[in-house]
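Student: Can you keep this structure in mind? I'll have questions shortly.
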């Protein structure tokens, strides 16, 4: 496993960091996120021109063939700079679903995504299912040469600005059965589609999607009917590994800003950094950042694995630990900044908001902890000769 970036990854990191510093300084960010949908389309076009939208796509799809480590480099800098964009939802999550599903419609949309001409969003979660990807009540019923979709999806990231939606729907089986789930491409402007957009507390946006007998063509079925759950689980693991890297970037930025603040802020005629109790707290923050970085590397390594159980186990372990540690570090940063830490004028409070939003995306730390333990028990049973 690589613990240090390659020369190419270091150059990539530096270029992303320069872009964020030049085009996305904190004062300008405040103005951007104040308006819906929370990002500038000009920045999205810049991502396309810089080649960032093609990073994770295989070369045979017109991409750069980047690994989960390459995506992690970019996402960490996005976390550090508090960049709000549909990159994760369009390129990482939807991109993985489209790549694995393949097919003419998927390849056409991938071409448009890489060129910056289209954005996509995956509608995978439902009100009753919390974070369970197999809890799908949305129905997909055969209709002549196509399908009709009916149901409700929640937490669709940047759904209002997506040109295409990737929707999971049940073509067979019971509500929680792993079999019977299919993926469909849906036009947000189609008859029967309703999107209720809302702003998220980290500056982004999401939507509730209602489908009322929406007609989709046969060619808009992604992959094989009823066999989509493995594709969904792999894509969400890849996206979760990217989120882990983003959380590390956010918590490290908050920790470094706190150390810098403690060196200049005076209390009782001394810099805050001279108080031993505060030194201990800042050292603890640093150690949590280092531990989280190692787990983010573990998640990126796991995201590229073909073994679904081992992949999910590593990613779940990373999300469980990083989610808890990142929130603690950012809360400490706010506290050590004092009253100014909860104002809009300094970034640390915004880093805390982003970390909290990450913890609510594709599973919170407690959910990932239970998921990790479930895979661990399955592995122990197999090692003992039992049944997983």
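The values are calculated or read from the model by the stated rules, or taken from the named source; none is laboratory data. Remember, it's a predicted structure, so these values are computed and weren't measured experimentally. Virtual Cβ from ideal backbone geometry, glycine too; neighbours counted across all protein chains shown.
Student: May I ask you to list the residues in the stretch 36-55 that are more than 15 Å from residue 86 (Cα to Cα) and more than 20 Å from the chain's Cα centre (by Cα)?
Tutor: Scanning the stretch 36-55 gives 49, 50.
Student: When you check residue 169 against the structure, is it in contact with a strand residue (DSSP E or B) (Cβ under 8 Å, 6 or more places away or on another chain) and surrounded by 22 or more Cβ atoms within 10 Å (Cβ to Cβ), yes or no? Break it down stepwise before answering.
Tutor: On the way: in contact with a strand residue (DSSP E or B) (Cβ under 8 Å, 6 or more places away or on another chain): yes; surrounded by 22 or more Cβ atoms within 10 Å (Cβ to Cβ): yes.
So residue 169 fits the description; yes.
Student: Kindly indicate which of 349, 338 is at pLDDT 95 or above and either assigned by TED's automatic domain parsing to the domain that holds residue 300 or closer than 17 Å to residue 29 by Cβ (or both).
Tutor: 349
Student: For the stretch 99-120: of the residues being touching a strand residue (DSSP E or B) at 6+ places or on another chain (Cβ under 7 Å) and in contact (Cβ under 8 Å) with a residue 60 or more places away in the chain, which is nearest to residue 242 (Cα to Cα)? Explain how you work it out, then say what you get.
Tutor: Narrowing the stretch 99-120 to residues touching a strand residue (DSSP E or B) at 6+ places or on another chain (Cβ under 7 Å): 101, 103, 105-106, 109, 113, 118, 120.
Now narrow it down to the ones that are in contact (Cβ under 8 Å) with a residue 60 or more places away in the chain: 101, 103, 105-106, 109, 113.
Details: 101: 20, 103: 25, 105: 25, 106: 22, 109: 22, 113: 18 Å.
Result: 113.
Student: Further, regarding this structure: Since residue 160 meets every condition but one in (1) farther than 30 Å from residue 115 by Cα; (2) outside any strand (DSSP E or B); (3) under 26 Å from the mean Cα position of the chain (by Cα), which condition does it not meet?
Tutor: Of (1) farther than 30 Å from residue 115 by Cα; (2) outside any strand (DSSP E or B); (3) under 26 Å from the mean Cα position of the chain (by Cα), only one is false for residue 160: (1).
Student: For the stretch 261-280, which residues satisfy the criterion of being in a helix (DSSP H, G or I) and either modelled with pLDDT under 90 or surrounded by 15 or more Cβ atoms within 10 Å (Cβ to Cβ) (or both)?
Tutor: First, the residues of the stretch 261-280 that are in a helix (DSSP H, G or I): 261-264, 272-274, 276-280.
261, 262, 263, 264, 272, 273, 274, 276, 277, 278, 279, listed by residue number.
Student: Now, a different point. Looking at (1) more than 21 Å from the chain's Cα centre (by Cα); (2) surrounded by 21 or more Cβ atoms within 10 Å (Cβ to Cβ), which is the one condition that is false for residue 250?
Tutor: The one condition residue 250 does not meet is (1).
Student: To continue, here is another question. Just one of 51, 38 is farther than 13 Å from residue 95 by Cα, crowded, with 20+ Cβ neighbours inside 10 Å and assigned by TED's automatic domain parsing to the domain that holds residue 98; which is it?
Tutor: Working: 51 fails: crowded, with 20+ Cβ neighbours inside 10 Å.
Unique residue meeting the criteria: 38.
Yes/no matrix, rows are residues, columns are (1) outside any helix (DSSP H, G or I); (2) closer than 20 Å to residue 89 by Cβ; (3) in the same structural domain as residue 287 (by TED's automatic domain parsing):
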{"site": "185", "(1), (2), (3)": "yes, yes, no"}
{"site": "194", "(1), (2), (3)": "yes, yes, no"}
{"site": "212", "(1), (2), (3)": "yes, no, no"}
{"site": "240", "(1), (2), (3)": "no, yes, yes"}
{"site": "247", "(1), (2), (3)": "no, yes, yes"}
